[in-house]
Ligand SMILES: Cc1cc2nc3c(=O)[nH]c(=O)nc-3n(C[C@H](O)[C@H](O)[C@H](O)COP(=O)(O)O)c2cc1C
């Protein structure tokens with residue numbers, strides 16, 4: 001049983017990588033064979049939005065295809081990331097933006113267990129990091145079984161709090177057990193989305209929804225804080241993801257029919273080129 005971990009920090013044995021290694025060491029004790037891919041050591045090009053991958057294959061010449069192949073091989077995935085400006089660092093986002101090229105191959109990831117570890121330097125400055133990782137994982141069909149947020153600034157500071165190391169081990173254990181077929185559920189707090197575990201809420205005209213999974217939410221305030229329940233909706237079931245792929249393909253076909261008209265309207269902008277570039 002293979003557990004693959006992606007580490008999005010450039011720091012070798014920094015806070016993120018240490019927690020990831022602790023989780024993997026526990027998974028290995030339970031029989032997993034583990035591999036770490038350090039994303040900052042890969043060549044990942046930005047998605048060009050050409051949509052070729054929805055029909056044939058990604059045209060970028062970088063390590064993206066190799067990485068997606070590693071997802072296929074693995075039975076479980078762990079993503080470890082530091083927080084940069086409240087969310088994930090660019091190297092991880094470059095990978096997340098390959099989501100379209102995974103869509104036509106969702107059977108490679110669908111239903112497999114996954115977990116997320118995020119580190120941050122300042123409590124309260126990390127609201128978008130775990131939701132961003134969850135959006136990617138659910139977005140390609142993973143079943144999230146664990147998430148951990150730990151605080152540390154200098155490389156290795158997380159080691160000073162033994163609770164983080166225990167939590168990382170517990171997360172590795174859950175991931176390994178889920179990969180071996182045991183029923184493992186993501187533990188959610190009462191204020192988190194009961195469907196996906198996101199701790200953010202998007203307010204809408206009609207109420208509230210989860211910004212990650214799109215579930216409609218009801219919030220009840222009691223003297224013990226907010227209690228969140230789900231009243232419907234959601235976008236990440238296997239059927240909904242398959243529908244979304246077809247919808248995306250449909251938009252490309254529709255665009256081809258409209259292209260001539262759009263090209264006429266685009267002409268005005270083609271000749272206006274005040275671009276600045278380094279030499
Ligand atoms: C460019 C940069 C931006 C950062 N932005 C945030 C931030 O917005 N919020 C936060 O809590 N920590 C922020 N941090 C701190 C890191 O998330 C934190 O120190 C983390 O533990 C580093 O993990 P690492 O040792 O695995 O790299 C930032 C660090 C860097 C280098």
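Worth a mention:
- With N the number of residues in region 189-279, Rg(Cα) / (2.2 N^0.38 Å) evaluates to 1.75.
- Tilt relative to the chain, helix 162-179 - C-alpha long axis, 0 to 90 degrees, to 10: 70 degrees
- Considering only Cα atoms, the convex hull volume of the chain works out to 181 Å³ per residue.
- The chain: relative contact order in percent, alpha carbon pairs under 8 Å with at least 6 residues between: 18 percent
- Fraction of antiparallel bridges per DSSP, region 98-200 only, in percent to nearest 5: 0 percent
- Where the alpha-carbon atoms of region 21-152 are placed on the principal axes, they occupy 42, 37, 25 Å, in descending order.
- log10 of Debye I(q)/I(0), alpha-carbon scatterers only, for region 188-234 at 0.24, 0.31, 0.32, 0.33 Å⁻¹: -0.76, -1.21, -1.27, -1.32
- Between helix 15-29 and the chain: long-axis angle, C-alpha atoms, 0 to 90°, nearest 10: 70 degrees
- Within the chain, helix-based [θ] at 222 nm, where runs of 4 or more DSSP H residues each add -39,500 (n - 2.57), nearest 500: -11500 deg cm²/dmol
- Debye log10 I(q)/I(0) at q = 0.11, 0.23, 0.26 Å⁻¹ for region 82-142, Cα point scatterers: -0.26, -0.92, -1.07
- Antiparallel bridge percentage (DSSP; both residues within the chain; nearest 5): 35 percent
- Förster radius 22 Å - calculated FRET efficiency between residue 166 and residue 224 (Cβ-Cβ, nearest 0.05): 0.30
- Computed from Cα positions, the angle between helix 238-270 and the longest principal axis of the chain comes to roughly 40 degrees.
- Potential extension, residue 249-residue 188 segment - 0.36 nm per residue separation minus Cα distance: 18.5 nm
Throughout, read-outs are computed from the coordinates displayed, never taken from laboratory work. The structure displayed is predicted, hence computed values, not measured ones. So basically every Cβ, Gly included, is an ideal-geometry build from the backbone, and we count neighbours across all protein chains shown.
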